[in-house]
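Here's the structure we're looking at; comments come further down.
The values are calculated or read from the model by the stated rules, or taken from the named source; none is laboratory data. Not measured: the values here are computed from a predicted model. Don't worry about glycine lacking a Cβ; one is built from the backbone with ideal geometry, like all the others, and counts go over all protein chains shown.
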Amino acid sequence: MKRILIIFLAVIALAQCRKAEVLEFPLIQTGEVSDISENGATFTAKIINLGALQVESYGFLWGLKANPDEESSNLFLAGNVEKGVFSANITNDLIQDTTYFVRAFITDGNTTTFGKTVSFRSRGSMVPVITDFHPKSGVENTVVVIKGDHFSGSLTGNMVHFGMYPAKVEKASKTELEVVLPGAINVTGYFDIQVETAKQLAKSTEKFLFEGCIISSFYPNEVRGNEEVKIFLELCPTVGNDQHSTVVNIGGLNAQILEVNVDNILVKVNFNAQPGRHIISITTNGKITHSLDSILITSPWSKLSVTPELNRRNLSGFQIGNDIFVGLGTERSGSATELKKDFYRLNQEQNTWETIEDIPSPVRETSPSFVLNGKGYICLGINADQSMLNRYTYAYDPLTGSWSQRADFPIATRSHAVGFAIGNHGYAGLGYQKRDLWQYNPNADSWIIMDNYPNYNTDGVFAVAHGDKAYVGMGKALTYSHDLDIYTFNPNAIGNNWSLLTTFPGQSRYLATAFVIDNHLYVGFGVKGSTVFSDFWRYDITNDSWEGILNFPYTPRVKPQVFVVDGKALFVSGDAANMGEDETVVIYDPN
């Protein structure tokens, strides 16, 4: 039977006194630990007796418990052995500023004896390194041998991970680990191998392949929401047979799969995919694979720093050529508000607001506008408590830098009226509980009535002109019913000027914002109850189709002034809670 003996110094001394007697078992004595440094320590021992049988191995055991055993960290030495002192430079498995216990051992296969336990305070050890591993790929329960240095010889002294998956250590030594992959792996692709020993981490330079579908590349490397990406695959022979259970995630949202083949997938990035760099993931046949490289999702939204700050609620504005003019509205200053009558021109070279002549009318807000013959017109509007209903119409001439009064709006004003220009005529009307729309003739300086708006959801409708038509819709009625319908207004139509164009695909709301770029109608923002929306949708006028675009990423707002310059929409101020100073001017660039 194998015997394990703990030999104390007293026993060793007794054995030395009885020189005439030959002991049948080996004896060893633990020496003091020396050369303690950040790279390890030197262990020393003395072999007192070799015993009657051949010595199989000898060395050291060390760990955190007072009597290290064969499950502790270890160093096994073999080969020719002689009585006397030996030492070993231990460079692995020592945590900095930690007390360790070490003792020497020797065994002849039949009997193992230990020296006394010696303690010391560690200053650390060398960082583990991974030099190679085999096999290079595998699946569940695959056995992998990891080669390197400065590992722990204890089965519990190394924590091994393949990517996110922990592996079980079956065998361990300073230079080699044998591990088993877990029985349930739901990913494929290339992953780092990591070994943590003594709170220090080693990472493989080569990646281990969890066998299955992998992403080899994709194109393009930079996209926006609603754009297409082609993803190239390897080792995916069944993906084309099971495309309905295949999911592609880009930018935190699932992409629309347009086409699936054995070696590639064509997808459309979700319109609301978050800007930034993202790893592409594909789930197919119950397993997830990730791209090695990240794809860059860019945002069409950006801030424009314009001084001084112009934070206005219900401001008015117009665009003459590429020149932008804004004014009126209610200005916030802390908790105080003040109706204004000043006006500004945007200096786009210096990004500054330049003052122009104040409009000579009383202060007001929610005043619609339109541009005719190079002049900007302001009409209607109310003061803050609606105690004054403004019917005055004024025109601003940028050539003279002055305002002139024109014919008053024919009937009582209203809040949230709309205005736009088509051809040589301006149009204004609708708004709170009003369905009437009026045409202004600048040559005759007169107003005439047009056909009434088709329904009663007129409070907070949007209106935007495009070519020889205007698009109007999405208001609410006094009963607080909200409308999704969008109409076309054509002043030259035979019969009724109004026709239904489309239905908004998002949530119903009023006070929405709209603009047109390249034959696309954009609609977003708006209010319903206490909700202020930040989503935006794009309608293809030619193809009669809707798609979402990336949500407005800054403070959502109500009724900003929007201008289109060089194919970009420029948003100015609007009614918003806690709008940052740097958010008062925002640009949307569809390209």
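Some points to look at:
- Given (1) in contact with a Pro (Cβ under 9 Å, 6 or more places away or on another chain); (2) closer than 22 Å to D459 by Cα, number of the condition V523 does not satisfy: (1)
- In region 232-277, the qualifying residues are those that are at pLDDT below 90 and either assigned by TED's automatic domain parsing to the domain that holds G524 or in a loop (DSSP other than H, G, I, E, B) (or both), and the one that is surrounded by the most Cβ atoms within 10 Å (Cβ to Cβ) is C236.
- Which numbered condition I411 fails, given (1) within 23 Å of D582 (Cβ to Cβ); (2) in a loop (DSSP other than H, G, I, E, B); (3) among the aliphatic types (A, V, I, L, M): (1)
Yes or no, residue by residue, for (1) over 19 Å from N492 (Cα atoms); (2) out of contact with any helix residue (DSSP H, G or I) (no Cβ under 7 Å at 6 or more places or on another chain); (3) small (G, A, S); (4) not assigned by TED's automatic domain parsing to the domain that holds N373:
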{"residue": "G431", "(1), (2), (3), (4)": "yes, yes, yes, no"}
{"residue": "D436", "(1), (2), (3), (4)": "no, yes, no, no"}
{"residue": "D445", "(1), (2), (3), (4)": "yes, yes, no, no"}
{"residue": "I448", "(1), (2), (3), (4)": "no, yes, no, no"}
{"residue": "N457", "(1), (2), (3), (4)": "yes, yes, no, no"}
{"residue": "F462", "(1), (2), (3), (4)": "yes, yes, no, no"}
{"residue": "A465", "(1), (2), (3), (4)": "no, yes, yes, no"}
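- Strands (runs of 3 or more DSSP E) contained in region 89-193 and holding at least 3 residues more than 40 Å from the chain's Cα centre (by Cα): 98-107, 111-114, 118-122
- Qualifying residue in region 404-411 (condition: of a type outside the set (D, E), in contact with a Gly (Cβ under 6 Å, 6 or more places away or on another chain) and assigned by TED's automatic domain parsing to the domain that holds G567): no
- For region 426-445, the count of residues that are surrounded by fewer than 20 Cβ atoms within 10 Å (Cβ to Cβ), within 43 Å of the chain's Cα centre (by Cα) and either under 28 Å from N322 (Cα atoms) or not polar (S, T, N, Q) (or both) is nonzero.
- Filter pass, D544 being on the phi > 0 side of the Ramachandran plot and either charged (D, E, K, R) or not assigned by TED's automatic domain parsing to the domain that holds V269 (or both): yes
- Filter result for S573 (under 19 Å from L511 (Cα atoms) and out of contact with any helix residue (DSSP H, G or I) (no Cβ under 8 Å at 6 or more places or on another chain)): yes
- When L201 is tested against (1) assigned to a strand (DSSP E or B); (2) among the hydrophobic types (A, V, I, L, M, F, W, C); (3) surrounded by 15 or more Cβ atoms within 10 Å (Cβ to Cβ), exactly one condition is not met: (3).
- Counting only residues that are surrounded by fewer than 16 Cβ atoms within 10 Å (Cβ to Cβ) and of a type in the set (K, R), region 75-115 holds 1 of them.
- In region 173-197, residue surrounded by the most Cβ atoms within 10 Å (Cβ to Cβ) [restricted to those that are aliphatic (A, V, I, L, M) and modelled with pLDDT of 95 or more]: L177
- The residues listed here are W447, W403; of these, the one that is under 18 Å from L339 (Cβ atoms) and at pLDDT 95 or above is W403.
- Meets criteria (closer than 14 Å to K469 by Cβ, touching a Phe, Trp or Tyr at 6+ places or on another chain (Cβ under 7 Å) and in contact (Cβ under 8 Å) with a residue 12 or more places away in the chain) for L521: yes
- Test: residue in region 481-501 that is touching a residue at least 40 places away in the same chain (Cβ under 8 Å), within 28 Å of the chain's Cα centre (by Cα) and part of a strand (DSSP E or B): no
- Filtering region 72-84 for residues that are at pLDDT below 95, within 22 Å of K199 (Cα to Cα), of a type outside the set (A, V, I, L, M) and part of a loop (DSSP other than H, G, I, E, B) leaves a non-empty set.
- Among the residues of region 357-380, the ones that are in a loop (DSSP other than H, G, I, E, B) and touching a strand residue (DSSP E or B) at 6+ places or on another chain (Cβ under 7 Å) come to 13 in all.
- Scope region 250-288; condition within 15 Å of the chain's Cα centre (by Cα) and in contact (Cβ under 8 Å) with a residue 60 or more places away in the chain; matching residues: F271, N272, A273, P275, I280
Quick grid of which residues meet (1) closer than 29 Å to A273 by Cα; (2) not hydrophobic (A, V, I, L, M, F, W, C):
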position: Y487; (1), (2): no, yes
position: N497; (1), (2): no, yes
position: F525; (1), (2): yes, no
position: T531; (1), (2): yes, yes
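- Single unsatisfied condition, K476 versus (1) at pLDDT 95 or above; (2) crowded, with 18+ Cβ neighbours inside 10 Å: (1)
- When each of A465, A428, A395 is tested for being part of a strand (DSSP E or B) and more than 19 Å from T513 (Cα to Cα), the lone residue that passes is A395.
- Positions within region 286-331 being in the same structural domain as F343 (by TED's automatic domain parsing) and among the acidic types (D, E), in sequence order: E309, D323, E331
- Residues that are without any contact (Cβ under 8 Å) to a residue 60 or more places away in the chain, in a strand (DSSP E or B) and either crowded, with 20+ Cβ neighbours inside 10 Å or charged (D, E, K, R) (or both) within region 289-333 comprise G327, T330, E331, R332, listed in sequence order.
- The number of residues in region 168-215 being at positive phi and of a type in the set (K, R) comes to 1.
- Selection count where residues are over 13 Å from L155 (Cβ atoms) and of a type outside the set (F, W, Y), scope region 55-77: 12
- Of all residues making up region 403-425, the number that are of a type in the set (S, T, N, Q) and within 44 Å of the chain's Cα centre (by Cα): 1
- The one condition in (1) in contact with an Asp or Glu (Cβ under 9 Å, 6 or more places away or on another chain); (2) buried (at least 19 other Cβ atoms within 10 Å of the Cβ); (3) β-branched (V, I, T); (4) over 19 Å from G225 (Cα atoms) that T503 fails to fulfil: (2)
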